[in-house]
Structures are given as structure tokens and as C-alpha cells.
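Chemist: Let me begin by handing over the structure; questions about it come next.
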Amino acid sequence: MKKTIETYGAVDGKRVDLITLSNKGGMTVRVTNYGCIVTSIEVPDKNGTLADVVLGYESLERYLSGHPFFGAIAGRFANRIKDGQFAIDGQSYELETNEAPTGQHLHGGSKGFDKYVWGYDLEESEDAILIHFHRVSPDGESGYPGTMQVTHTIGLSEDNALCYDFTASCDQPTIVNLVNHSYYNLAGHDSGSVADHELTLYSDFYTPVSDTMIPTGEIRLVEGTGLDFRNPTVIGTNMKKVDAGGIDNNFILSDKQTEGPYTLAADLYEPKSGRSMTVLTTQPAIQFYNAFKLSNKEWIGRNGFKYEAFGGLCLETQGFPDAPNQPHFPSAVLKPGEVYHHRTLHRFGTR
């Protein structure tokens with residue numbers, strides 16, 4: 001395992017670093033302590049040729065000018081909260097409704113966890129390097145109650161596994177849902193549509209949403225819908241079965257296949273390159289988003305490549321969207337003395 005650290009810039013007078021991790025197999029991951037953004041993941045294809053398989057930018061300045069959460073942490077509460085409102089123990093809270101098209105609270109607000117400089121420490125061993133990012137989110141930040149201590153660990157191992165580990169504690173009852181928001185394209189970030197990727201989601205059920213992308217509270221079977229990925233499915237095939245080809249849904253993970261503490265969540269495969277990615281998690285759900293909204297704005301990524309609709313996909317392991325307002329969903333409340341801890345693995349390979 002190898003690492004390098006270079007200065008990436010500064011935000012509000014705080015130094016921002018770019019940390020590069022690489023292993024003997026040729027896999028390289030670049031991460032910055034601004035927003036815990038994974039800026040690059042290079043992995044070999046079946047012939048050993050490297051390609052960058054996540055959408056992103058070369059410079060900090062590009063991230064500061066705005067982006068659709070390319071590679072960043074989303075929090076304090078990822079995904080959506082209806083009307084930005086929730087209550088804990090009878091106490092009501094109101095958050096920013098920052099998603100203009102829907103009028104909902106999204107990913108922690110306009111200044112969520114993705115827009116802060118994090119402190120970090122490195123942990124090195126013979127077969128892995130871990131970056132432990134940490135910060136204190138003060139009481140009232142973005143409207144959330146309680147002072148929260150947060151650690152987000154991103155690490156690479158010699159066997160091409162990338163880990164995302166989240167830990168949090170708080171001094172008042174609050175809500176929390178933390179995810180990594182990388183956009184993957186296993187053919188390469190500059191290869192266009194992901195419609196020809198094959199996807200398996202280990203999920204029998206999903207949570208339908210209203211026109212404003214908020215769960216209706218129903219739990220529905222994926223069978224017979226364009227959201228049925230229980231067997232390896234070419235994504236474009238199911239895109240033809242849904243409105244405008246757009247998929248942005250929360251899938252409830254089954255516990256039929258487990259590995260230690262992990263549930264098998266997803267398998268992604270790109271046939272031309274032979275690259276594959278397996279996702280395992282301790283979270284109860286995964287949001288599959290096929291980036292159908294990327295063309296709503298112009299995003300010019302690395303090497304001047306224009307990212308357009310369906311140019312990447314997100315597989316965000318998570319708690320349920322709007323869980324604070326849906327009593328039958330798994331609770332998103334974190335109380336003093338409790339520890340929020342979830343871990344996700346992305347295993348890269350070829351076949």
C-alpha cells in the first residue's frame with residue numbers, strides 16, 4: 001500500500017488536502033478532506049487497462065463552483081425529508097427546503113456535511129490504509145438539533161475493496177443518515193451512458209414516492225415493475241419500463257445473503273471492460289439513481305468531458321428517506337449515549 005498527500009487548496013482559510021491511496025493491484029483512490037469527496041477511483045479492466053470509474057473534477061475550484069454531490073458525503077440527513085419538517089419526542093424542527101423542483105429538504109441542506117473542511121488521521125497497515133475524517137457539527141447547524149461528533153472513514157485494501165465507514169454520537173436527540181454519493185461508470189467516467197451495465201439489487205421491495213419524491217409510506221414488491229433487478233439485468237432494459245427512463249428509488253435490502261455483519265446489496269458489471277463492483281453494507285436500504293437529471297445543468301468533468309443524463313449511477317446505502325416522518329420505517333433517531341455506526345464495502349474486480 002502507498003499513499004501521497006498534496007495540498008489541494010484552501011477553504012475559509014483552512015488547508016484542503018488531496019490524499020491518494022494505491023495498492024499493488026493498480027487500484028488508485030483519491031480523496032479530499034473537503035466534503036470527504038472521492039474525486040477519483042482508477043481500476044484495471046480485464047486486460048489490465050486503467051480507467052477512472054467515478055464522475056468528478058480535477059481541481060478544488062471546480063467542486064467549489066457547485067456539483068451534484070459528485071463523490072461527496074451527504075448529511076446530516078441524506079436523501080429527502082418531507083417539507084423539511086420532523087419531530088422528536090414532541091419537539092418540532094424545521095429545516096431548509098433546498099431541493100427547488102420538489103420543495104423538500106435534501107442531503108442536509110445547501111450547506112451540508114459536503115461543504116466543510118474535515119480534519120483527518122491516517123491508519124496504515126500492511127494490507128490497507130484508512131483515512132479517518134472527523135468534524136464536530138454544532139447544535140443547530142442547518143437546523144438540526146444537538147452537537148454531533150462525526151467520523152467518516154474511507155479506506156483502500158490490497159484486495160481492491162473500498163470501505164465507507166460512518167460513526168456519530170450526539171448530546172441531544174437528533175436524526176442522522178450518512179452516505180457516500182459517488183457516481184459510478186465502470187466503462188470509465190468519460191464513456192457515456194451506463195444503460196448497458198448489468199445490475200443486480202438484492203431487494204424484493206421498494207418504497208414508492210409521490211411526485212415530490214417523498215415516500216408514500218407504502219412498501220411494494222419490485223416484481224412486475226421496471227425496478228426489478230433481482231437477477232442480473234441490463235439497466236437500459238428496465239429504463240424502457242419507467243417514465244422517461246428515470247430511476248431514483250429506495251430499495252429495501254433482503255437478508256437472504258450475508259457475509260459477517262454485511263448484507264449483500266448490489267452487483268454491477270460492465271461487459272465491455274469486464275469490470276465489476278459488489279456492494280455490501282450494514283444499512284437497511286440502497287438508493288439506485290441512474291443520473292437521469294444530470295442534463296438539467298451543464299457539468300463539465302475531468303478532461304473536459306461533459307457529463308449528461310445516464311452518464312453514471314449512484315448506489316447509496318442508507319436508512320430510508322423521510323424516515324423521521326414514517327413511524328413504520330427503521331428509526332433514524334440518534335439519542336445521547338447511542339452510537340450511529342454503519343459500514344459499506346465496494347469490491348472491485350473483473351470477469
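The values are calculated or read from the model by the stated rules, or taken from the named source; none is laboratory data. These figures come from a predicted structure and were not determined experimentally. Positions of Cβ are generated from backbone atoms using ideal geometry, with glycine treated the same way; all protein chains shown enter the neighbour counts.
Chemist: What do you reckon, is residue 51 more than 19 Å from residue 277 (Cβ to Cβ), of a type outside the set (D, E, K, R) and either touching a strand residue (DSSP E or B) at 6+ places or on another chain (Cβ under 6 Å) or in contact (Cβ under 8 Å) with a residue 24 or more places away in the chain (or both)? Let's see the steps before the verdict.
Modeler: Numbers: more than 19 Å from residue 277 (Cβ to Cβ): no; of a type outside the set (D, E, K, R): yes; either touching a strand residue (DSSP E or B) at 6+ places or on another chain (Cβ under 6 Å) or in contact (Cβ under 8 Å) with a residue 24 or more places away in the chain (or both): yes.
It is false that residue 51 is more than 19 Å from residue 277 (Cβ to Cβ), of a type outside the set (D, E, K, R) and either touching a strand residue (DSSP E or B) at 6+ places or on another chain (Cβ under 6 Å) or in contact (Cβ under 8 Å) with a residue 24 or more places away in the chain (or both).
Chemist: Of all residues in the range 209-229, how many are in contact (Cβ under 8 Å) with a residue 24 or more places away in the chain and crowded, with 16+ Cβ neighbours inside 10 Å?
Modeler: Going through the range 209-229 one residue at a time, the tally reaches 7.
Chemist: I'd like to know if the range 251-258 contains one or more residues that are closer than 20 Å to residue 329 by Cα, surrounded by 14 or more Cβ atoms within 10 Å (Cβ to Cβ) and in contact with a Pro (Cβ under 8 Å, 6 or more places away or on another chain).
Modeler: Taking the range 251-258 first, the residues closer than 20 Å to residue 329 by Cα are 251-256.
Narrowing the set further to residues that are surrounded by 14 or more Cβ atoms within 10 Å (Cβ to Cβ) leaves 251-254.
Filter once more, so that each one left must be in contact with a Pro (Cβ under 8 Å, 6 or more places away or on another chain): 252-253.
Yes; the residues of the range 251-258 include at least one that is closer than 20 Å to residue 329 by Cα, surrounded by 14 or more Cβ atoms within 10 Å (Cβ to Cβ) and in contact with a Pro (Cβ under 8 Å, 6 or more places away or on another chain).
Chemist: What number of residues within the range 312-330 are small (Gly, Ala, Ser) and either under 13 Å from the mean Cα position of the chain (by Cα) or more than 11 Å from residue 214 (Cα to Cα) (or both)?
Modeler: Residues that pass the stated criteria total 2.
Chemist: Further question on the same structure: Cβ-Cβ below 6 Å, separation at least six or inter-chain, first residue in the range 308-336 and over 26 Å from residue 291 (Cβ atoms), second surrounded by 24 or more Cβ atoms within 10 Å (Cβ to Cβ) and modelled with pLDDT under 95: which pairs?
Modeler: Going by the 6 Å Cβ cut-off, there are no qualifying pairs.
Chemist: Which strands (runs of 3 or more DSSP E) sit wholly inside the range 30-96 and have at least 1 residues that are under 23 Å from residue 308 (Cβ atoms)?
Modeler: Hits in the range 30-96: 37-44, 50-52.
Chemist: Let me ask something else. When you go through 195, 161, 168 one by one, which is the residue that is over 16 Å from residue 33 (Cβ atoms), touching a residue at least 60 places away in the same chain (Cβ under 8 Å) and surrounded by fewer than 17 Cβ atoms within 10 Å (Cβ to Cβ)?
Modeler: It is 195.
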